[in-house]
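Right, one structure below, let's go through it.
The values are calculated or read from the model by the stated rules, or taken from the named source; none is laboratory data. As the structure is a prediction and not an experimental result, all values here were calculated from the model. We place every Cβ from the backbone using ideal geometry, glycine too, and count neighbours over all the protein chains shown. Keep in mind that these areas ignore ligands, DNA and RNA; they rest on the heavy atoms of the full protein, side chains included. Shrake-Rupley method; radii C 1.70, N 1.55, O 1.52, S 1.80 Å.
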Amino acid sequence: MSRDDRVGVAFLGLHPDRARTEVERHGSVASVLRLAARARLDGIAPHRVVPPAERVEAMERAGCRPVLLGDPDYPTALAELGDPPDVLFVRGSLPMVPGVAVVGTRRCTGYGRRLATAFGRAIAGAGWPLISGLARGIDGAAHRGTLEASGIGVAVLGSGSDVLYPPDHRELHDGLLESGGAVITEYPPGTRPDGWRFPPRNRIISGLSAAVVVVEAAVTGGALVTAMRAGEQGRALFAVPGDVDREASVGCNMLIRDGAVPVLGAEDLIEALSLVLGPPRRMTPAATAASVTGVDALVLAATGTPVTADRLAEIVGLPVSEVLGAIARLELAGHVVTGDGVVAAADQR
């Protein structure tokens, strides 16, 4: 199959299931494009067939590149799915090892937001990529924790690469790219964030991950769709238990009832994930003070009295981003504790 034709079909912006059905029905991507150009595909106007040169221009404007199923840089974990995207539009660098998905409701509680941020920091401190959807609520908090700890994150969009949704997450979006992560989508540039595009998007979030962590979820919504796809894909599933009468906890409690592994905090999560992904690549919870060097040692030495991260950065003379990364690693190792906006040596709190 021609690469140009495969990208051409992706530019039609069809639901992924329909795109696969049309290719199977008509025998090739080239046939689908010819029929679309002749107005012989139901609901597809001929103008939606974008010429190759215009496709290249659109991708250049959006700052993305096409990564096709079968390419060397196409993620192996995603390629093994029964319904992998044939084309990914990628900004940044895709990690080639499976990551950890952290997902949850947009209408999260303050508790859920803080926990998702702590999970993001801990996963980054362990050296694993974090995958989420850049949405408001739990997704955004998890991405924020990843960036605070200088980790690698991947955001999977339900829109085109040049259509940021929600628009107020520009800083997170740009931070993921600047930190060596990626922003990806199977939809072409210019695609609006229509509601029906998000459920298919969720199979990519779980597909890129060895494990999926649901922090807060109601009885309906994208987080439970991602959890369902994780189960179908054979991914490990974790969920945070919550009050039985709290709307944001009902979905998680149901997942635990049905077999998801409950997680009770960041350290508990890392220990559980280690059984799936192997030992953390940066620092284990059992790390000793002897393993703390460089920036970590400097930060540890300055935490005798509870202090904010900003003030700590001033004291040790380092960028806040480096100090936050050290705090995450040291907290994971049990050397410092955080809470109420401050950090201190573990024996001081």
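Figures for the structure shown
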read-out	value
Selection count where residues are under 32 Å from the mean Cα position of the chain (by Cα) and either over 25 Å from I204 (Cα atoms) or loosely packed, with under 13 Cβ neighbours inside 10 Å (or both), scope the range 22-32	1
Condition check for L176: in a loop (DSSP other than H, G, I, E, B), open to solvent by less than 10 Å² (accessible area, probe 1.4 Å) and either of a type in the set (A, V, I, L, M, F, W, C) or at pLDDT below 95 (or both)	no
Search result, residues across the range 63-92 that are open to solvent by 70 Å² or more (accessible area, probe 1.4 Å) and under 17 Å from the mean Cα position of the chain (by Cα)	T76
All positions within the range 251-273 that are part of a helix (DSSP H, G or I), surrounded by 13 or more Cβ atoms within 10 Å (Cβ to Cβ) and either among the β-branched types (V, I, T) or without any contact (Cβ under 8 Å) to a residue 24 or more places away in the chain (or both)	N253, I256, D268, I270, E271
Hits in the range 85-101 (condition: at pLDDT below 95 and either assigned to a loop (DSSP other than H, G, I, E, B) or more than 28 Å from A122 (Cα to Cα) (or both))	S93, L94, P95, M96, V97, P98
Residues satisfying the stated conditions in the range 305-325, i.e. open to solvent by less than 50 Å² (accessible area, probe 1.4 Å), modelled with pLDDT of 75 or more and within 27 Å of the chain's Cα centre (by Cα)	A309, V323, L324
Residues satisfying the stated conditions in the range 93-112, i.e. over 16 Å from T76 (Cα atoms), surrounded by fewer than 21 Cβ atoms within 10 Å (Cβ to Cβ) and either in contact with a His (Cβ under 6 Å, 6 or more places away or on another chain) or not β-branched (V, I, T) (or both)	R106, R107, G110, Y111
Qualifying residues in the range 126-160 (those that are part of a helix (DSSP H, G or I), of a type outside the set (G, A, S) and within 15 Å of L324 (Cα to Cα)) - the one most open to solvent (accessible area, probe 1.4 Å)	R144
